[in-house]
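Okay, structure first, notes after.
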Amino acid sequence: MPDHDALIIGAGFAGLYQLHLLRGRGFDAHVVEAGADVGGTWYWNRYPGARCDIESVEYSYSFDPDLEQEWEWSERYAAQPELHAYARHVADRFDLRKDITFGVRITALDWSEDRREWTVTGDDGSVRTARHVIAATGCLSMPSRPDFPGLAEFAGELHRTSNWPSEDVDLTGKRVAVIGTGSSGLQTITAIAPVVGELTVFQRTPCFAVPAHNGPAQPRLAEARGRYREIRKANRLSPDGFQCHNGQIPLLDTDPAAVHAEFDRRWETGGLCFDRSFPDILTDLTANETAAEYVRSRIRAKVRDPELAEKLSPRTYPIASKRMCVDTGYYEVFNRPNVSLVDLTEQPIRWFTRRGIVAGDTEHDLDVVILATGFDAMTGALDAIDIRSGGRTLREKWARGPRTYLGLMSAGFPNLFLVCGPQSPSVLSNMLTSIEQHVEWIGTALAYLKDHDRTRMEALPENEDNWVTTTNDLANLTLMPRAASWYLGANIPGKERVFMPFVGGVGLYKQVSEGVAAARYHGFDLS
Ligand code: N01
């Protein structure tokens, strides 16, 4: 018999719930985690200003009503220390740590068809066997590593937002550069600007950011506690996995004054629902440009220098085709005398020196460089593991882009489940909603196998092909593939450009995946 019924890779929000759920259903499950503690994303991304961009009352577990009632969120959008404390609390509350091995990174998975088990190897040389492996490895957990010439020569401090030191980093009065203006860069820049001596922001592509209007979690928390079951149910059936009013009337059929009023209303509310004002924002370039121009007008109103405002205004991709950012005073930072912008489209980074960065013809002297350059999204963490089955690796199979059935399994790799894998809604949704739905689907599937005396489950290639085609076709109905985004793998040199998430929404996805389960796992081979 294998060492475990299920081995779970990763002790982030997905791995913790998967462990709790499987244990509760009588499985012997064990988690292996590379970090020294639980929390996943919220363990590694400890950079200044890190916080969630979905309101905490919804970016939270729904599986335990007592937890919902007892955990006190302090802010609308919790910051990293609070999110990490929440993960730690969950691990302790449900006594999860006794089944977690910390500090071991899984390097290889090898499937034995004879024994119907995976051999799981860690970077400490440990070997475990498990009937099933569940990759709760995160969609944004493998940092990208841009190859800047001379980076190793730089004599100052170098930090990455994706693996920020746990000890205090004192930036007071220093000359600091941030490379990257996605969500991580934005949050870092906003948090450190008042502290550092000089801040130089190296921007390759400007982002669209809507205000968070962060503040105390109350009274929203009390209101949510009164009707949590209703909220969670609605989230599971919604497009995005959180409370958002999705406008039904196309922007192009709406009076311009009413369009403006609706944008104003959503801007004042704050958060990611801005792009849900009208259904054609993500399907029609004219509608999209109207929304984009509204945000640019807001940027112009915030940034005093018109030339700088223009540089900060995105013009090369449709709004919301890259993940929008949720900010707390980001644009205003550029009115500070100690903050400057280097537009890399005009002055590309040429190389690093001992003293700093040469961009265009200018050498920028720096004490600290912070890389906020993103992730090898959705496939990076799995590609980093040597996953072998039937003489083939998953890496080889996915060389032309990931292929899964429902984002849950990949044909040829039996008993390997993915939490929020490619071709599932995952990163386009409230991750907590999607994580819980996947964890429960996987738990139910394992229980079904056990109850029916089956030891092997595999996605069938033809169903996988259909699902991949469906997800690609759906994405192509939208403007989303038009941006060179990490959704497409466009940020990683040499990575095949394939739009990876399922754009059909959380509710539709739930209906399909649960319909498949109800039809005795249609499209999977169970033996
Ligand atoms: O990464 P990103 P991120 N030279 O890929 C630039 C989630 N998240 O960590 O756009 C110069 O968005 C790159 O430029 P370009 C959220 O889903 C959420 O910020 O590729 N620049 C871009 O500006 C988010 O979408 C929160 O041209 C280079 C930046 O680096 C996702 O994680 C907080 C470069 C990378 O931005 C990823 O966000 C943080 C190079 N060689 C993250 N390579 C919340 O608020 C890259 N860039 C919950």
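The values are calculated or read from the model by the stated rules, or taken from the named source; none is laboratory data. Note that the structure is a prediction, hence the values are computed from the model and not measured. Quick reminder, even Gly has a Cβ in these numbers, built from the backbone with ideal geometry, and neighbours come from all protein chains shown. Only protein heavy atoms, including side chains, enter the accessible area calculation; ligands, DNA and RNA are left aside. Shrake-Rupley method; radii C 1.70, N 1.55, O 1.52, S 1.80 Å.
Here is a list of conditions, (1) under 28 Å from residue 146 (Cα atoms); (2) out of contact with any strand residue (DSSP E or B) (no Cβ under 8 Å at 6 or more places or on another chain), and residue 335 meets all of them except one; can you say which number that is? With respect to (1) under 28 Å from residue 146 (Cα atoms); (2) out of contact with any strand residue (DSSP E or B) (no Cβ under 8 Å at 6 or more places or on another chain), residue 335 is out only on (1).
Test of understanding: among 337, 279, which residue is touching a Pro at 6+ places or on another chain (Cβ under 7 Å) and open to solvent by 40 Å² or more (accessible area, probe 1.4 Å)? Checking each option against the conditions leaves just 279. Just checking, how many residues over the range 148-195 are within 13 Å of the ligand (Cβ to nearest atom) and open to solvent by less than 20 Å² (accessible area, probe 1.4 Å)? Qualifying residue count, the range 148-195: 12.
Residues are listed down the side, and each one gets a yes or a no for (1) over 30 Å from residue 155 (Cα atoms); (2) in contact with a strand residue (DSSP E or B) (Cβ under 8 Å, 6 or more places away or on another chain); (3) free of Cβ contacts under 8 Å to residues at least 12 places away in the same chain; (4) surrounded by 21 or more Cβ atoms within 10 Å (Cβ to Cβ):
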| site | (1), (2), (3), (4) |
| --- | --- |
| 372 | no, yes, no, yes |
| 383 | yes, no, no, no |
| 389 | yes, yes, no, yes |
| 394 | yes, yes, no, yes |
| 410 | yes, yes, no, yes |
| 414 | yes, yes, no, yes |
| 418 | yes, yes, no, yes |
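Within the set 181, 188, the sole residue that is among the polar types (S, T, N, Q), assigned by TED's automatic domain parsing to the domain that holds residue 333, within 19 Å of the chain's Cα centre (by Cα) and part of a helix (DSSP H, G or I) turns out to be 188. Scanning the range 422-457 for residues that are more than 22 Å from residue 53 (Cβ to Cβ), open to solvent by less than 10 Å² (accessible area, probe 1.4 Å) and part of a loop (DSSP other than H, G, I, E, B) yields a single hit, 423.
Close Cβ contacts (under 6 Å, 6 or more residues apart or on different chains) running from residues in the range 72-101 that are closer than 24 Å to residue 327 by Cβ to residues that are part of a helix (DSSP H, G or I) and within 16 Å of the ligand (Cβ to nearest atom) comprise 80/42; 83/42; 84/42. Only residues that are of a type in the set (Gly, Ala, Ser), in a loop (DSSP other than H, G, I, E, B) and on the phi < 0 side of the Ramachandran plot were counted across the range 245-297, and they come to 2.
Among the residues of the range 335-370, write down those that are assigned to a loop (DSSP other than H, G, I, E, B), within 11 Å of the ligand (Cβ to nearest atom) and touching a residue at least 40 places away in the same chain (Cβ under 8 Å). Those that are assigned to a loop (DSSP other than H, G, I, E, B), within 11 Å of the ligand (Cβ to nearest atom) and touching a residue at least 40 places away in the same chain (Cβ under 8 Å): 344, 345. Counting the residues of the range 316-334 that are in contact with a Lys or Arg (Cβ under 7 Å, 6 or more places away or on another chain) and not in a loop (DSSP other than H, G, I, E, B) gives 2. Based on this model, can you work out whether residue 271 counts as buried (at least 20 other Cβ atoms within 10 Å of the Cβ), touching a residue at least 12 places away in the same chain (Cβ under 8 Å), within 19 Å of the chain's Cα centre (by Cα) and not assigned by TED's automatic domain parsing to the domain that holds residue 355? Yes.
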